[in-house]
Amino acid sequence: MPPLSLERLAELTGAELRGDPACQVVQVASLDEAQPGQLAFLASKRFVPYLESTRASAVILSADYAPRCPTNALVSDNPQLAYALAAAALNERPRAPAGIHETAVVDPSAEIAASASVGAHCVIGADCVIGENVEIGPNCVVDDACEIGADSRLVASVTLCKGTRLGRRCLIHPGAVLGADGFGLANDRGRWVKIPQLGRVILGDDVEVGACTTIDRGALKDTVLHDGVKLDNQIQVAHNVEIGENTAMAAHVGISGSTRIGSGCTVAGAAGIAGHLELADGVHVSGLTAVSRSLRKPGVYTSTVPAMPHDQWGRNFARLRQLDDLFRRVRALEKILQENNTDAEPK
Amino acid sequence: MPPLSLERLAELTGAELRGDPACQVVQVASLDEAQPGQLAFLASKRFVPYLESTRASAVILSADYAPRCPTNALVSDNPQLAYALAAAALNERPRAPAGIHETAVVDPSAEIAASASVGAHCVIGADCVIGENVEIGPNCVVDDACEIGADSRLVASVTLCKGTRLGRRCLIHPGAVLGADGFGLANDRGRWVKIPQLGRVILGDDVEVGACTTIDRGALKDTVLHDGVKLDNQIQVAHNVEIGENTAMAAHVGISGSTRIGSGCTVAGAAGIAGHLELADGVHVSGLTAVSRSLRKPGVYTSTVPAMPHDQWGRNFARLRQLDDLFRRVRALEKILQENNTDAEPK
Amino acid sequence: MPPLSLERLAELTGAELRGDPACQVVQVASLDEAQPGQLAFLASKRFVPYLESTRASAVILSADYAPRCPTNALVSDNPQLAYALAAAALNERPRAPAGIHETAVVDPSAEIAASASVGAHCVIGADCVIGENVEIGPNCVVDDACEIGADSRLVASVTLCKGTRLGRRCLIHPGAVLGADGFGLANDRGRWVKIPQLGRVILGDDVEVGACTTIDRGALKDTVLHDGVKLDNQIQVAHNVEIGENTAMAAHVGISGSTRIGSGCTVAGAAGIAGHLELADGVHVSGLTAVSRSLRKPGVYTSTVPAMPHDQWGRNFARLRQLDDLFRRVRALEKILQENNTDAEPK
């Protein structure tokens, strides 16, 4: 990559430059490890001690810390965003070469844009439509009738089952599986009978799906992730779930069937959301929290049980089984005191 | 697919037809979206409002709702089962063509039925036995000495490690890994030493395994899933676990080593079951529940902590650390009142 | 495998032989199933009933149980370790043949040791360095600039993203993904903007990574697993995490970004550890436990909520929302009694 001037980086990031516009940087680095020619970033107050001794040629930071910056400063209201944009500009990923690798197996009915890249050992099924500049890395399977919008990328070892549709600029990490059957079963006197899963998985534009995340096809209607949804690794999205725009979820989250999640939500790691619920826009679920009822108001919801030393836990958690009983005992005490010590109550 | 008459569907589903036996339907659809020529299904009371205005040509429902059905009715004691059977009859999946794809790498010692299908880029190891009508989708790895019973299907990107055995009609979704080493370690003064994992994974008939689910081989004896077990996505089954017939588990469940689970059980999403336990037949474990002791009686077991608004959580959950102390304080209060107010006790 | 004499096994395991040094065994087996010619192992007190009737030719056990052993005994201070060593000696895995499978796609710039094995349908990117005796099983993807140390093994269907480095004797199970992008996002007025993930994944020597486990590359610095770390299946290790030597984690554990975990720790199944924390050496986290603060002292930490019958749960867990209120009520009662019954307090 060629270096970029701070003048150019200020333009790209919307930051205000305090310093030398002609100064060139070649890469981003952390405050403590940055060398001359590198651009650092003050991510939080915690790292201020590193600011004053940094060797970086420039630092992205908020106005509050600019006076303490010993070198060129790119001052931003949103330093994290400015950093993301600068780092992207300095690290454009080289695109895979256009064309279909000779070891890929592509159905003749698939329509693949000439600018798209299909990697080694990929399999592309019948009636697929692969858009402009799409990159499909090695060892991916794209089953029949899938559509992948322009500029999307399957990194490697991704499986798209029949009929899955991706919008533009989607990014799917290795091991992800989109469109596997939902878990739909009817019970016939103890024996399970499969309910055919006939819907699809539909992703909007700019959706990111993490490694080994699974998104099941709908039972009848589709499972839908709207524009800008970001999923971390090892998330499970069950059939007929709908996730609103710009909602982000961390690893190991599980969403049960037919639940609808609003836009602008965040769900932290390993939270579980039961089926057939509705979560409003702007709901934020904490890590390891169980959501078993609809959440109709925006806000933060939590049921994380914080770790404690094991013997402290042993003393306290056995008591959970007796909690209702304790409430009754306290109520009984209150009654006794009310009945017999009415004069004793606090004024 | 050719259309089916309601007369034929009544036969296939065991439902009682109220209406025109000659009426033809071509596909299933939801009550609200169904068009003429489609068959809908009243899944729960919640959807009754859609029943009266449905455009479906026929509806599967229970006798309770039949009087409100504006069109042909297929009346069933178990509408979900009738729907599953009807949907399957209307949506027979075309089988992959028999034969071995030219890009598959198959050990010459493998026995593969002529009716079986082995997809592109598959690898089939030495001494494997692949039964009649088995379908192995693209990019699967079947290591040495595996056996796959008739009519089973590996959808795509499945990995079976050495010696794994599947019964008949098993269905394994993409990304699943069967037969990886169990997590067996001995500790040598702080350093971990691997314990060889010498058992196998054995699946009965009609077992379904979800996407990215992992089932580890046994340490010495085998890990066994009996007939009709149904596993959703991203489940972890550790070495030497045994799961009884027709037990079903939802996504993200984890079962630790050597635990034996009975038949006809259900385990909801993200529940965790510790090792070396026994769960009786007919045990039902709720979502996000921790099972740390054997459950010897059928029934529902739960430890899900329900989400609450974050500030309410903050006030209440810090108290968990003081719960045992609170029990002592209440006991002290009870003693005082008993000793000094004996006449004040409730009669 | 040729049989081994008990004399040889005593040497290999450091156990003391009580019995016939010339006795030959061919395989390990469980106490109850062992046949003559097999070596069994008394794993815990629970299995003592099987000891007295075992048909094994020899049993590994601790000195406490040696007097009750009806056959040759290999007496060890650490029977599990002795078993691991004996089982390994009796079950050396045949190595895959050296060389590159004809279907593998290998960039000409990759350096692959002549003794290494690259399996069918693998893809090896530019500038990779693959060490002596490395085994890469079928359908693996090793992206550009990866390094794999001598004697390491990717079992099958493993994906290493760009720049990942493995030490010597690492073992990576199927479906694992190392080096996918960390989940780094900046928020631009509601819309998420990707933060480029520029670090790598670095594994020391003797690291084992379970099936479908994901380890994300660092954002700027690297994600580092030190020598001897052992990870079970379906674990998520986020960007910039550091895990100390000989720490072991069970399935479904999740570690959020930038957390540093000490050496000699254990984390049981499905525990979740928040981001930016520090866990000291020798910390042990129980299953399904949430760690949301740094743990600076060694010891066992727990927040597992034990399952109970569902109706008992229903009565007790609704009370969690009222717990803080209960503490206040008890405090009020205590005050009343203190103020009005001072003579009544226990001496």
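For the range C:296-310, the condition of being outside the structural domain of C:Cys265 (by TED's automatic domain parsing) and among the basic types (Lys, Arg) holds for none of the residues.
Residues in the range C:12-23 that are buried (at least 17 other Cβ atoms within 10 Å of the Cβ) and either modelled with pLDDT under 95 or not in a loop (DSSP other than H, G, I, E, B) (or both): 3 in all.
Among the residues of the range A:24-44, the ones that are surrounded by 14 or more Cβ atoms within 10 Å (Cβ to Cβ) and of a type in the set (S, T, N, Q) come to 4 in all.
None of B:Gly264, B:Gly275 is on the phi > 0 side of the Ramachandran plot, within 22 Å of the chain's Cα centre (by Cα) and either modelled with pLDDT of 95 or more or of a type in the set (D, E, K, R) (or both) except B:Gly264.
Yes or no, residue by residue, for (1) outside any loop (DSSP other than H, G, I, E, B); (2) within 36 Å of the chain's Cα centre (by Cα); (3) of a type outside the set (S, T, N, Q); (4) facing another protein chain (nearest Cβ under 8 Å):
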| residue | (1), (2), (3), (4) |
| --- | --- |
| A:Gly269 | no, yes, yes, yes |
| A:Leu288 | no, yes, yes, yes |
| A:Arg315 | yes, no, yes, yes |
| A:Arg319 | yes, no, yes, yes |
| A:Asp325 | yes, no, yes, no |
| A:Val330 | yes, no, yes, yes |
| A:Glu339 | yes, no, yes, yes |
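Close contacts from the range A:77-100, counting a first residue that is under 13 Å from A:Phe41 (Cβ atoms) and modelled with pLDDT of 95 or more and a second that is in a helix (DSSP H, G or I) and not aromatic (Phe, Trp, Tyr), with Cβ to Cβ under 6 Å and a gap of 6+ residues or different chains, come to A:Ala82/A:Thr13; A:Leu85/A:Leu12; A:Leu85/A:Thr13; A:Ala86/A:Leu9; A:Ala86/A:Thr13.
Scanning the range C:242-262 for residues that are more than 14 Å from chain B (Cβ to nearest Cβ) and in a strand (DSSP E or B) yields C:Glu242, C:Ile255, C:Arg260, C:Ile261. From the list A:Gly199, A:Gly167, A:Gly163, the lone residue that is assigned by TED's automatic domain parsing to the domain that holds A:Gly228, over 30 Å from C:Leu160 (Cα atoms), touching a residue at least 40 places away in the same chain (Cβ under 8 Å) and not polar (S, T, N, Q) is A:Gly199. With the requirement that a residue be polar (S, T, N, Q) and crowded, with 17+ Cβ neighbours inside 10 Å, what does the range C:323-342 give you? Correct list: C:Asn341 only. Name the residues in the range B:267-320 that are closer than 28 Å to A:Val283 by Cβ and among the hydroxyl-bearing types (Ser, Thr, Tyr), would you? Correct list: B:Ser286, B:Thr289, B:Thr302, B:Ser303, B:Thr304. Within the range C:118-156, how many residues are polar (S, T, N, Q) and either outside the structural domain of C:Asn233 (by TED's automatic domain parsing) or over 23 Å from A:His101 (Cα atoms) (or both)? Total meeting the criteria: 2.
Restricting attention to the range B:294-310, the residues that are over 18 Å from C:Leu320 (Cβ atoms) and facing another protein chain (nearest Cβ under 7 Å) add up to 2.
For the range C:107-122, give me the residue count where each residue is crowded, with 19+ Cβ neighbours inside 10 Å and on the phi < 0 side of the Ramachandran plot. Adding up the residues that qualify gives 8. Looking at the range C:238-256, can you tell me whether even one residue there is touching a Gly at 6+ places or on another chain (Cβ under 6 Å), in contact (Cβ under 8 Å) with a residue 24 or more places away in the chain and farther than 24 Å from A:Val267 by Cβ? Yes, the range C:238-256 contains a residue that is touching a Gly at 6+ places or on another chain (Cβ under 6 Å), in contact (Cβ under 8 Å) with a residue 24 or more places away in the chain and farther than 24 Å from A:Val267 by Cβ. Look through the range C:290-313, keep the residues that are in contact with a Lys or Arg (Cβ under 9 Å, 6 or more places away or on another chain) and assigned to a strand (DSSP E or B), and return whichever of them is surrounded by the fewest Cβ atoms within 10 Å (Cβ to Cβ). Residue satisfying both the conditions and the ranking: C:Pro309. The lone criterion from (1) buried (at least 18 other Cβ atoms within 10 Å of the Cβ); (2) of a type outside the set (Asp, Glu); (3) within 14 Å of B:Met308 (Cα to Cα); (4) more than 10 Å from chain C (Cβ to nearest Cβ) left unmet by A:Cys265 is number (3).
Being in the same structural domain as C:Leu178 (by TED's automatic domain parsing), closer than 21 Å to C:Asp206 by Cβ and buried (at least 22 other Cβ atoms within 10 Å of the Cβ) narrows it down to one of C:Val285, C:Val237, so name that one. Of the residues listed, the single one that is in the same structural domain as C:Leu178 (by TED's automatic domain parsing), closer than 21 Å to C:Asp206 by Cβ and buried (at least 22 other Cβ atoms within 10 Å of the Cβ) is C:Val237.
The values are calculated or read from the model by the stated rules, or taken from the named source; none is laboratory data. Being a predicted model, the structure only gives us computed values, none of them experimental. When we count neighbours, we look across all protein chains shown, and the Cβ atoms used for this are built from the backbone with ideal geometry, even at glycine.
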